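K.L.:
Take a look at this one; I'll ask things after.
The values are calculated or read from the model by the stated rules, or taken from the named source; none is laboratory data. Here the structure is a predicted model, which means the values were calculated and not measured. Every residue, glycine among them, receives a Cβ derived from its backbone with ideal geometry; neighbour counts consider all protein chains shown. The area values use the complete protein model at the heavy-atom level, side chains included, leaving out ligands, DNA and RNA. Shrake-Rupley method; radii C 1.70, N 1.55, O 1.52, S 1.80 Å.
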Amino acid sequence: MKYRSLGASGIEASVVGLGCWTFGGWMWGGADEKESIRAIHRALDEGINWVDTAPVYGFGRSEEVVGKALRGRRDQVVLATKCNLIWHQEKGAFLFASDDKGPRTDGPIKVYRCGAPEEVRAEVERSLKRLGTDRIDLLQTHWQDPSTPVEETMQTLMELKAEGKIRAIGCCNATPEQMDAYRRAGVLDVDQERYSMVDRAHEADNLPYVAEHGLAFLAYSPLGQGLLTGKVGPDRVFEDGDQRRTKELFSVENRIKILEMLETFRPVADQHGVSLGQLAIAWTVAQHGCSHALVGARHADQAVENARAGFLNLSAEDLKLMQGAVDACTAS
């Protein structure tokens, strides 16, 4: 497994991390706790040392599952979670309503973007309790709150760092201008954004920014929520509560187009003896500015397959062939 630094924090994290959104069940049609814990354990056994969750993933459920899985293994893990999304009270900027399955207009749970200092502190204490730990290695603001100045949120994060409750600071779903504000007020180590072969918007903004300023870039959904594994065919039916069910990205027409693109990679995959999904992950962390890929897994075997992408080195010729197909697919 290859490891890279999280910015200037001095923390070394595996280039492939385990994303824990699915373990909360919310927006994924449910989850099996025992299988989730097995997936975490197998990921650690395969060299992954970075586990990333968030309070909103199942409204505390994902963090609780991660906490159970890490009992006795906490010191082996770079543990990352998030703040800035609350549902315990109506405060900040309303983001969406939800039930325990997923967002819906009349959902009883109201989620707000809130970076107010007192709420960030309260979130950290709740996360520490759910995770069963005394420190969070990487705390990231999940979505940016327009109602609270970035400087106020960052001041609180720096205080928490000085107190030893967090070790490094990151932001998610942020613009370069927002990252400038974070950096003026403190030390920002990480930017986490959605990025993959089928979602390349950040090649124009955040990727050049992090490369220039020495931040780590954590790509979430590098497999396009499973689309880039080559295993999501046009006949696949998504369960009730699975957010992929209504996304245009998962239309039958788009699934066919993506499968055709992936087939052009087959010679590269065969040459290296890897799967198409592993190839997509390796492509992601080979892109300029992208340091790490955060990959979800519902089962232990998926965690193992994803982890092994962290050992793969692609040649310039491999990347050139793949880039041509990616450019042609995303341009159409």
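K.L.:
Once you order the gyration tensor axes a ≥ b ≥ c over the Cα atoms, which shape class does the stretch 17-146 get: rounded for a/c under 1.5, otherwise prolate or oblate by comparing a/b with b/c? Don't skip to the end; give the middle numbers.
P.N.:
Details: a/c = 2.36, a/b = 1.44, b/c = 1.64.
Taking the square roots of the gyration eigenvalues as a ≥ b ≥ c, the stretch 17-146 is oblate.
K.L.:
Let me ask another. With the other protein chains left in place, how much accessible area per residue, in square angstrom, belongs to the stretch 35-80 at a 1.4 angstrom probe?
P.N.:
Accessible area per residue: 32 Å².
K.L.:
Kindly report, to the nearest 10 Å², the accessible surface of Val65 as traced by a 1.4 Å probe over protein heavy atoms only.
P.N.:
So the heavy atoms of Val65 present about 0 Å² to solvent.
K.L.:
I've got another one for you. I'd like the antiparallel share, as a percent to the nearest 5, of DSSP beta bridges with both residues in the stretch 125-243.
P.N.:
5 percent
K.L.:
As a test question: what accessible area, to the nearest 10 Å², does Trp87 have when a 1.4 Å probe is rolled over all protein chains in place?
P.N.:
50 Å²
K.L.:
How many percent of the accessible area of the chain is carbon or sulfur, using a 1.4 Å probe?
P.N.:
Solvent-exposed carbon and sulfur of the chain make up 50 percent of the total.
K.L.:
Taking the Cβ-Cβ separation of Arg266 and Lys129 as r and a Förster radius of 51 Å, what is the calculated FRET efficiency to the nearest 0.05?
P.N.:
After rounding, the FRET efficiency stands at 0.60.
K.L.:
For the chain, please report how many Lys pairs fall under 17 Å Cα to Cα, leaving out neighbours fewer than 8 apart on the same chain.
P.N.:
Summing the qualifying lysine pairs gives 11.
K.L.:
Evaluate E = 1/(1 + (r/R0)^6) for Ala331 and Phe96, where r is the Cβ-Cβ distance and R0 equals 22 Å; express this FRET efficiency to the nearest 0.05.
P.N.:
0.10
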